Structure formats: C-alpha cells, structure tokens
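**Q** Following this message is one structure expressed as structure tokens.
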Amino acid sequence: MTETISRLYDDYATASQAVTQLERAGIPHSDISMVASNADSWYSGDRKAGRDATGRVDRDRDGVDDRAEGAAAGAGMGAAVGGAVGLLAGLGLLAIPGIGPVVAAGWLVSTAAGAAAGGATGGLLGALTQAGVSEDDAHVYAEGVRRGGTLVTVRAPDGERSRIEAILDRSAVNIRERGAAYRKTGWNRFDPDASPYTADQVRKERDLYRRPAA
C-alpha cells in the first residue's frame, strides 16, 4: 500500500533540489512527479536535455554541472543525478486548464493530462484528488502552481512516509498558511476557467513570499 505526499515550492529551483535529494535517498524516480509553472518561460524546448545557457547539464539548477556532481559522488549517484534516468531528465512542456504552460514529469502528469483531455475539472486538480490528496489541499496546490509554484508529489510505500516528508519539508511552502493568504485576497477555489498568470504576475506573487537572505 502506498500513500500520496505532495508539497508546494515557490520555484522550480527549490523543488528540483528536493527531487534530487529524494533520488539520492533511494526513492525511485518512477514514484516522483513534478509540475512547475512555466508562465515566465524559464524552460524551452531547446533545453530538454537539461542544459542551461552555458551548456551545463544543471537539472537541479544549483549552478553546478550535474555530471560533475555525479562523478564526484560515484557511479551510483551519477546514474541517478547526472545520467538520463532521473526524473528531471524527463521534463516536458504541457498545458493545463486554468494554469497554462507547465514543465512536468512523472506518474501524476499522465493522469493530469488525461483528466484535462477528458474534460475533468482542472486536470491537475482531478489528478491530485484521484491520487488521494484532499480536495481542500488539491485546490491550494493547483492554485499555487497557477501562481508560479512547483508541485512535487511522491508515492510513498508503507513505512517511508516520515523519511520522505523530512526531505520534502525542508524548503516547502506551509500549505495551510498559503491557503489562508490566498483566501485573504478573496480567492476561494481553484478555477480551471480562470486566465493563467502572466510572467509579471508570477514575479509579483513570488516577491510576496520571498524569504529574506540569511
């Protein structure tokens, strides 16, 4: 039996670090999914191999070439992080109703795409609730991605929940606080018919929650 664990992050870079840490901890990439807003067009088709503007393979966007990280850590980690088998190597572009363009990979994505194609409410919202996420949380998660965030969802086997949550919680958004903040502005539920956020709206949204530098 498995449980579904989801966490929202304010940007792709933070979420990708969590994904990398999960894979390093031995969580199969087949049990991990990521859906990241692409409203500001940070990802384009010519970077499908995970290369940045300098030509580095930097899927976790930590400024270090993943191939070098993998080589330094040994063949096992190199296969998971620097090779072509990790979740971040499979990122692709997708459009979700009410959210707009996203960069996504993993098991939840096919469910979301199928829900959207079939006319199910919200695509991502339907996929999350089908996976066992509560409806209230699913609305906040979907809205968070709409506003520029990145969602990471993991299928956790029995006995692994605490270990996975410990990794995911390091930089995740407090979903209760974020939902309350949305509601203070008059938001109530994720609306798949709403207009996607623009790049400027996403930047302003992120500025609201940007953590001060240490």
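**Q** Sort out which residues of the range 182-205 are touching a residue at least 12 places away in the same chain (Cβ under 8 Å) and either surrounded by fewer than 16 Cβ atoms within 10 Å (Cβ to Cβ) or not in a helix (DSSP H, G or I) (or both), and write them in order of number.
**A** Hits for the range 182-205 are W187, R189, F190, D191, P192, D193, A194, P196, Y197, T198, A199, R203.
**Q** While we're on this one: Looking at the range 138-164 only, could you name the residues that are more than 24 Å from L91 (Cβ to Cβ) and in a helix (DSSP H, G or I)?
**A** H139, R161, S162, R163
**Q** Looking for whichever is within 27 Å of N174 (Cα to Cα), modelled with pLDDT of 90 or more and among the basic types (K, R) here; the options are R147, R61. Which one fits?
**A** R147
**Q** Against the definition (in a helix (DSSP H, G or I) and either free of Cβ contacts under 8 Å to residues at least 12 places away in the same chain or closer than 27 Å to T2 by Cβ (or both)), how does G179 come out, yes or no?
**A** yes
**Q** Taking G148 and the conditions (1) under 19 Å from the mean Cα position of the chain (by Cα); (2) surrounded by fewer than 18 Cβ atoms within 10 Å (Cβ to Cβ), which numbered condition does it fall short on, given that it satisfies the others?
**A** Result: G148 passes all but (2).
**Q** So R170 clears everything in (1) over 18 Å from S33 (Cα atoms); (2) in a loop (DSSP other than H, G, I, E, B); (3) among the basic types (K, R) except one condition, right? Which one?
**A** With respect to (1) over 18 Å from S33 (Cα atoms); (2) in a loop (DSSP other than H, G, I, E, B); (3) among the basic types (K, R), R170 is out only on (1).
**Q** Tell me whether the range 24-32 contains one or more residues that are in a strand (DSSP E or B) and at pLDDT 90 or above.
**A** yes
**Q** Check the range 106-126 and report whether any residue there is part of a helix (DSSP H, G or I), of a type in the set (A, V, I, L, M, F, W, C), more than 15 Å from V154 (Cβ to Cβ) and at pLDDT 85 or above.
**A** Looking through the range 106-126, at least one residue is part of a helix (DSSP H, G or I), of a type in the set (A, V, I, L, M, F, W, C), more than 15 Å from V154 (Cβ to Cβ) and at pLDDT 85 or above.
**Q** Going residue by residue through the range 166-176, is there one that turns out to be within 18 Å of the chain's Cα centre (by Cα) and modelled with pLDDT under 95?
**A** Checking the range 166-176: at least one residue is within 18 Å of the chain's Cα centre (by Cα) and modelled with pLDDT under 95.
**Q** Assess whether A166 counts as being small (G, A, S), buried (at least 16 other Cβ atoms within 10 Å of the Cβ) and either over 13 Å from L108 (Cα atoms) or in contact (Cβ under 8 Å) with a residue 24 or more places away in the chain (or both).
**A** no
The values are calculated or read from the model by the stated rules, or taken from the named source; none is laboratory data. Being a predicted model, the structure only gives us computed values, none of them experimental. All Cβ positions, glycine included, derive from the backbone under ideal geometry; neighbour counts span all protein chains shown.
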